[in-house]
Amino acid sequence: MNKYEKLFSEIYSQTKAGTLKWKQLRRQANSDLIFNQNFVWRQFAAEFERGENIFTIILVEKKYEDPDFDSPYEKYYPELLIIDGGELVSMISDSVIEKNDLIRLANLVEMKSDKAKRLFGP
């Protein structure tokens, strides 16, 4: 398991256990850190402790229109941004973690987020 897989596994495990507290953000938030900000559909953030450091994790969900199709067909891409002191430290995308695993995390985060808890209960 490489360093990205280990980090992703830790984030997923903590999310599933409920120790990471995810908050839904405005989709325009963090626009200075996100590549192709205009494709952002939703964003979630959580404080992540690793060692003695606390990082902010941003889960960004993007939708793109696929130019290979004549009719409007959207592709969905989640990615994780690891931020420390307002600076981007690392990005986890489907280039280092399987896209299906990122989607599985995004689905879990959606249900464990602050707004979903208000809607559906604890």
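Since every read-out is calculated from the coordinates, none of them should be taken as a lab result. Computed from a prediction, not measured in an experiment: that's the story for all the values here.
Taking the alpha-carbon centroid of each part, what is the distance from the range 85-103 to the range 24-58 in angstrom?
Computed from Cα coordinates, the inter-centre distance equals 11 Å.
For Lys115, go through the lysines and keep the ones whose alpha-carbon is under 26 Å away, minus same-chain ones fewer than eight residues off.
Excluding near neighbours in sequence, the set is Lys16, Lys21, Lys23, Lys62, Lys63, Lys75, Lys99.
Could you work out [θ]222 nm for the chain from helices alone, using -39500 (n - 2.57) per DSSP H run of at least four and dividing by all its residues? Round to the nearest 500 deg cm²/dmol.
-9000 deg cm²/dmol
Considering the Cα positions of the chain, please state its Rg to one decimal place and its Dmax as a whole number of Å.
14.6, 51
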